[in-house]
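Data block below; observations after.
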Amino acid sequence: MKRIPWLLTLLAISALCLVAIHHQRVSSTFTEQNLAIMRKLDVLAEENQRLSNALALANNSQSASNERLRELLRLRSEVGRLRQESNEVIDLRQQNRQLRATLAAKPLPQPGPNAAGSPGYWPKESWTFAGYGTPESALQSVLWAAAKGDLQNILESGTGDFRKQVEEDLQKKGETEMTAELTKEIGKLNSYRLLDKEIVSDNEINLTVSMDGEHAETNTLSFLRVANEWKLAKP
């Protein structure tokens with residue numbers, strides 16, 4: 001076995017040292033590059049977080065702006081609706097004032113001769129079916145029906161509550177007894193006189209009436225507007 005000359009051994013050792021030094025330098029270079037890359041990644045991460053925060057803030061700001069816009073539009077719509085309702089109320093008040101003025105200026109109807117020579121006075125012989133166009137005509141119609149003992153027209157002269165009460169009396173007393181009572185009571189009267197007219201609302205008017213005769217008395221009768229007709233509210 002031949003021995004390796006010492007020069008070759010020295011060269012081999014030198015080569016190994018150079019390789020080790022080169023490997024160390026390369027490793028050091030890679031480490032520095034990795035550190036630089038990591039620092040860049042950290043910077044990029046921070047920038048990304050900053051941009052994300054800015055975007056979230058912008059979205060929140062936009063959302064708040066949209067919410068304020070929706071609230072503003074809702075308030076404008078509410079103001080428009082309230083203005084329309086206010087105008088409708090003003091129109092209704094004006095119509096109500098005009099109606100009151102018209103009713104106040106309108107003379108009381110005279111369906112029959114004025115035997116006593118004073119306005120608002122109707123003797124029994126002048127009573128007739130006058131319809132239900134006004135409270136005054138409805139009053140005369142119901143008195144005329146009572147004088148005739150006409151229960152059907154009496155029922156037609158009143159509101160639903162009026163008819164209900166009359167029908168209950170009919171069930172208790174019967175038609176014959178009810179008719180006899182009506183004609184007897186009306187037979188005690190000679191006339192009626194309208195003393196006062198109170199306009200409660202567009203659909204309600206009270207008439208104060210004085211009944212003359214054996215059974216003289218003064219009553220206030222309430223009339224309600226039902227489908228453009230005036231009906232007695234209570235028997």
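The values are calculated or read from the model by the stated rules, or taken from the named source; none is laboratory data. These numbers were taken from a predicted model, which means no experiment stands behind them. Neighbour counts run over all protein chains shown; Cβ positions are idealised from the backbone, glycine included.
A few comments on the model shown:
- Considering the range 134-235, the qualifying strands (runs of 3 or more DSSP E), each wholly inside and each with 3 or more residues that are over 26 Å from Leu92 (Cβ atoms), run over 189-201, 204-213, 217-226.
- Index of the failed condition, Ser137 passing every other in (1) in contact with a Pro (Cβ under 8 Å, 6 or more places away or on another chain); (2) modelled with pLDDT under 80: (2)
- Residue match in the range 168-178 (condition: among the β-branched types (Val, Ile, Thr), in contact with a helix residue (DSSP H, G or I) (Cβ under 9 Å, 6 or more places away or on another chain) and either farther than 20 Å from Gly120 by Cα or not assigned by TED's automatic domain parsing to the domain that holds Gln94 (or both)): no
- Selection count, the range 177-199, where residues are of a type outside the set (Lys, Arg) and touching a Ser or Thr at 6+ places or on another chain (Cβ under 8 Å): 5
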